[in-house]
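Novice: Sharing a structure below in structure tokens format, with a few things to ask.
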Protein chains: 2
Amino acid sequence: MVLSSIWKRPDGSREPLPPNLVIVHRKDISPEAVQEICASVGWSKREPELIGKALQNSLAVVSIWDGELLIAFARATGDKVFNATVWDVVVRPSYQRRGLGLLVMNELLKELDTYPIPLVTLYADPGTDGFYKRFGFSCDPSGVRGMFRERF
Amino acid sequence: MVLSSIWKRPDGSREPLPPNLVIVHRKDISPEAVQEICASVGWSKREPELIGKALQNSLAVVSIWDGELLIAFARATGDKVFNATVWDVVVRPSYQRRGLGLLVMNELLKELDTYPIPLVTLYADPGTDGFYKRFGFSCDPSGVRGMFRERF
């Protein structure tokens, strides 16, 4: 199963997903499933109750499922008008390198583009900026720098 | 009037604001006033109707007023749980260098810290990172890069 074939070709044509895979644009997905897929890539464990609240307060949430198994996930926060920020882009390790990262990001941006938002931002982990450049993201344009303040 | 004296001293003590200045933590402030203060520093003009929606969809909005004149502003988006992003930190030019930037950021972070959010992020314009470092922000920790995608 080569999922990269689902990705839009240069000529704009697209193949359908295999029927067992489902793309979901909903906030009320299982927080336990999100916790588990994040743990599968080694991210720090978050409480399902908090995950549920974060999903509800997100602007857009995209998940891709193989049956009942969550295999890719991404979400964004934002004000619906001027900006959105992408968070938690993750593909289950056993499903990586099949185009699911491209697919889940494409679906998320498609949903964000239903709003009039002119600016979508994200924070790219080391080595992932090439991936995001494929969607038109660029690093530090005009010298703008991402900054972080961690509290706990 | 030296407003920097309102800033918390190293010993934690603080002086009150002059009585004509008022700090407001509310989303339902005048969109026209926000449009005007943003224009005062040369930012591109946004429609008041869109500004009003963005304020409502923000996680926190802080404004400082001298009577009916908006003199400082900042807001943040976020999911109330895992992250927040600071946007639109602005001080009216004729009121700059009096500590209002520190004050408005401090008020915004104070409001954000009423949530259990562990990570606050922002995108710093060139030359402003020193300002944000005073609040514990750092640039590109662990090689994480801010990225941007502009649509229009």
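Novice: Show the residue pairs meeting these rules: Cβ distance below 6 Å; 6+ apart or different chains; first residue within the range B:123-136 and under 11 Å from A:Arg145 (Cβ atoms); second residue assigned to a helix (DSSP H, G or I).
Specialist: B:Ala124/B:Tyr132; B:Pro126/A:Gly143
Novice: Under 7 Å between Cβ atoms, at least 6 apart or on separate chains: pull out the pairs that start in the range A:95-117 with a residue that is within 13 Å of A:Phe73 (Cβ to Cβ) and end on any residue that is of a type in the set (Phe, Trp, Tyr).
Specialist: Correct list of pairs: A:Gly101/A:Phe131; A:Leu103/A:Trp7; A:Val104/A:Phe73; A:Met105/A:Phe135.
Novice: Output yes when any residue across the range B:54-73 is crowded, with 16+ Cβ neighbours inside 10 Å, in contact (Cβ under 8 Å) with a residue 40 or more places away in the chain and among the aromatic types (Phe, Trp, Tyr), and no when none is.
Specialist: yes
Novice: With a cut-off of at least 3 residues that are more than 19 Å from B:Thr121 (Cα to Cα) and more than 14 Å from every other protein chain (Cβ to nearest Cβ), name the strands (runs of 3 or more DSSP E) lying wholly within the range A:22-109.
Specialist: Once the strands (runs of 3 or more DSSP E) in the range A:22-109 are filtered for at least 3 residues that are more than 19 Å from B:Thr121 (Cα to Cα) and more than 14 Å from every other protein chain (Cβ to nearest Cβ), what remains is A:60-66, A:69-78.
Novice: Does the range A:40-85 hold any residues that are hydroxyl-bearing (Ser, Thr, Tyr) and under 24 Å from A:Ile117 (Cα atoms), and which are they?
Specialist: Correct list: A:Ser58, A:Ser63, A:Thr77, A:Thr85.
Novice: Okay, moving on. Could you figure out which of (1) modelled with pLDDT of 95 or more; (2) surrounded by 12 or more Cβ atoms within 10 Å (Cβ to Cβ) isn't true of B:Arg26?
Specialist: Just one mismatch for B:Arg26, condition (2).
Novice: Out of all the residues in the range B:112-149, which are acidic (Asp, Glu), within 23 Å of B:Ile37 (Cα to Cα) and surrounded by fewer than 16 Cβ atoms within 10 Å (Cβ to Cβ)?
Specialist: B:Asp125
Novice: Say we look at the range A:110-152 and pick out the residues that are at the interface with another protein chain (Cβ under 7 Å from one of its Cβ atoms) and basic (Lys, Arg); which of these is farthest from B:Ile117 (Cα to Cα)?
Specialist: Only one residue fits best here, namely A:Arg145.
Novice: Restricting to the range B:34-47, give me the number of residues that are surrounded by fewer than 18 Cβ atoms within 10 Å (Cβ to Cβ) and either closer than 16 Å to B:Val90 by Cβ or touching a strand residue (DSSP E or B) at 6+ places or on another chain (Cβ under 8 Å) (or both).
Specialist: The number of residues fulfilling the criteria is 8.
Novice: What's the number of the condition B:Asp129 fails, among (1) among the acidic types (Asp, Glu); (2) within 26 Å of A:Lys53 (Cα to Cα); (3) out of contact with any helix residue (DSSP H, G or I) (no Cβ under 8 Å at 6 or more places or on another chain)?
Specialist: For B:Asp129, the exception is condition (2).
The values are calculated or read from the model by the stated rules, or taken from the named source; none is laboratory data. Small disclaimer: the values here were computed from a predicted structure and weren't measured. Here the Cβ is made from the backbone with ideal geometry for all residues, glycine too, and neighbour counts use every protein chain on show.
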